[in-house]
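Each remark here refers to the structure printed beneath this line.
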Amino acid sequence: FIDVISPCIAFNNHAGSTKSFDYVREHNDAVNRLDVLVGREPISVDYAPGTVQVVEQHDGSRLALRKLDADYDPHDRLGAMTFLQKHAAKGQIVTGLLYVDPDAEDLHTHLDTVETPLNAMDEQALCPGSAVLDKINASLR
């Protein structure tokens, strides 16, 4: 996973905040050197379910891609994690639909978003005032 920390100088720019501009500047560690990427031809592969295909990259490195079996069950969460770890230990990157939660709710339902698109709302609906913002902030503490 990649953890990106972005300073929030609007709400968290104070001493003691781990998201202040000064804190982030003092604790910023480069994890990679950015450079110019030269355009290259796309690399594509087509291989049968249940097989492993070793693919050479432009720099000469090789990736071992393992396509899921045709009868793989994507509804077993623990099985999916076990499958990934088992093949990662072999140096293989698993491709395909690994897991689908059959009981997952719609993201809008989960986040309790409004039905109206934001670009169709007026200023009063988008900016209801500081009292409403204070109430939202208090509920998140």
Leu84, sole failed condition from (1) assigned to a helix (DSSP H, G or I); (2) open to solvent by 80 Å² or more (accessible area, probe 1.4 Å)
(2)
Which of the following residues is over 24 Å from Tyr99 (Cα atoms) and under 24 Å from the mean Cα position of the chain (by Cα): Leu65, Leu34?
Leu34
Given the conditions (1) on the phi < 0 side of the Ramachandran plot; (2) open to solvent by 40 Å² or more (accessible area, probe 1.4 Å), report the number of the one that Gly91 does not fulfil.
(1)
Boolean, Leu133 is open to solvent by less than 90 Å² (accessible area, probe 1.4 Å) and either in contact with a Cys (Cβ under 7 Å, 6 or more places away or on another chain) or in a helix (DSSP H, G or I) (or both):
yes
Considering every residue within the range 18-41, establish whether at least one is surrounded by 11 or more Cβ atoms within 10 Å (Cβ to Cβ), in a strand (DSSP E or B) and not charged (D, E, K, R).
no
Could you check the range 60-81 and list, in sequence order, the residues that are outside any loop (DSSP other than H, G, I, E, B) and in contact (Cβ under 8 Å) with a residue 24 or more places away in the chain?
Leu63, Ala64, Leu65, Arg66, Lys67, Arg77
Just need a number here: residues in the range 47-81 that are of a type in the set (A, V, I, L, M, F, W, C) and open to solvent by 40 Å² or more (accessible area, probe 1.4 Å).
7
Close pairs (7 angstrom Cβ cut-off, 6 or more residues apart or separate chains): without any contact (Cβ under 8 Å) to a residue 60 or more places away in the chain in the range 105-133, open to solvent by 100 Å² or more (accessible area, probe 1.4 Å) anywhere
Leu126/Leu118
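The values are calculated or read from the model by the stated rules, or taken from the named source; none is laboratory data. Nothing here was measured: the structure is a model prediction, and the numbers come from that model. Note that we place each Cβ from the backbone using ideal geometry, even for glycine, and neighbour counts take in every protein chain shown. Just the protein is used for accessible areas: all its heavy atoms, side chains included, with ligands, DNA and RNA removed. Shrake-Rupley method; radii C 1.70, N 1.55, O 1.52, S 1.80 Å.
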